[in-house]
């Protein structure tokens, strides 16, 4: 079977080496065939062991959020990347930021930069959503509230001490609108505040949101 047709059922998904070894099982040297397909631009290697369809296949490639889930795990997309996805901040984000329970890591790949920041359990597990990015492409992303908390928790040297400081940080530094902040569900924060890092900052965040 032609290679393009063989990987068509996986269109839009990351192609692991395991998938490719199964697709290429009729070849005596499948590893060599993978290298050949990369040279022919039928495959593109994102990192060791993870590939996407090359430009010559004309097949759909995974969205970067989906790739982020697969490049390093367990992980979910959060912080600036999720805030931008939800339309909470106006700035364009030039790398995909994720949270993980493993040590922090960064990747520079042909399709973009990916950064992973460590968070502890059980806080890590709260507030996640499975989002359909495109047909057959579902990624794990922080909800609005969790993405904002993750941003605060993982920003070095940031400690929220007052309502005014917090309001300035949210509306001037992050440029989140008052309307967007008012739409956040502050009741949700109480589910995880006891196990969150920077408890004092998250407590001030809740107070600030309730006073808007």
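When the residues of segment 5-44 are filtered to those that are closer than 16 Å to residue 111 by Cβ and without any contact (Cβ under 8 Å) to a residue 24 or more places away in the chain, the one that is surrounded by the most Cβ atoms within 10 Å (Cβ to Cβ) is 38.
Where strands (runs of 3 or more DSSP E) fall entirely within segment 1-85, those with at least 1 residues that are under 19 Å from residue 135 (Cα atoms) are at 50-53, 75-77.
Within segment 82-105, the residues that satisfy the criterion of being free of Cβ contacts under 8 Å to residues at least 40 places away in the same chain and surrounded by 22 or more Cβ atoms within 10 Å (Cβ to Cβ) are 96, 97, 98.
Within segment 141-159, is even one residue under 30 Å from residue 8 (Cβ atoms) and either touching a helix residue (DSSP H, G or I) at 6+ places or on another chain (Cβ under 9 Å) or modelled with pLDDT under 95 (or both)? Yes: one or more hits.
The values are calculated or read from the model by the stated rules, or taken from the named source; none is laboratory data. Being a predicted model, the structure only gives us computed values, none of them experimental. Positions of Cβ are generated from backbone atoms using ideal geometry, with glycine treated the same way; all protein chains shown enter the neighbour counts.
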